[in-house]
Amino acid sequence: QQFIDQTSEKSYLAVVRGHLGEGSLDYPLKYQYDKIEDKKADITKPPQEAVTEYLCLAPTEVPIAVVPYASS
């Protein structure tokens with residue numbers, strides 16, 4: 001029912017490199033059409049709204065050198 005009402009929310013966990021605090025990205029998703037599969041698709045479809053909120057749960061460091069850094 002949430003998909004029908006377009007009220008679904010998704011959560012992901014990710015491991016990222018670098019320094020990440022918390023924030024939000026408001027970036028519409030534009031559909032990538034396939035020349036063969038989407039021959040008859042409506043290519044005037046507007047971008048889909050997408051807001052991503054992110055939060056660093058725990059920073060960590062791995063003692064493995066990755067040039068030019070002494071650790072990861």
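On a per residue basis, the chain carries 108 Å² of accessible surface, using protein heavy atoms and a 1.4 Å probe.
Counting only chymotrypsin sites (Phe, Trp or Tyr not before Pro) that sit in a DSSP loop (anything but H, G, I, E, B) with at most 16 other Cβ atoms within 10 Å, what is the longest stretch of the chain containing none of them? Between the exposed loop sites, the longest stretch runs 34-72. Only lysine pairs 8 or more places apart or on separate chains count here, and in the chain those with Cα atoms under 21 Å apart total 5.
Starting from the Kirkwood radius over alpha-carbon pairs of the chain, derive D by Stokes-Einstein at 25 °C in a medium of 0.890 mPa s and give it in µm² s⁻¹.
D = 149 µm²/s.
Relative contact order, whole percent, for the chain stands at 30, derived from Cα pairs under 8 Å and 6 or more residues apart.
The values are calculated or read from the model by the stated rules, or taken from the named source; none is laboratory data. The structure displayed is predicted, hence computed values, not measured ones. No Cβ is skipped: glycine too gets one built from the backbone with ideal geometry, and neighbour counts run over all protein chains shown. The protein model used for the area step is the full one, side chains on, heavy atoms only, and it has no ligands, DNA or RNA in it. Shrake-Rupley method; radii C 1.70, N 1.55, O 1.52, S 1.80 Å.
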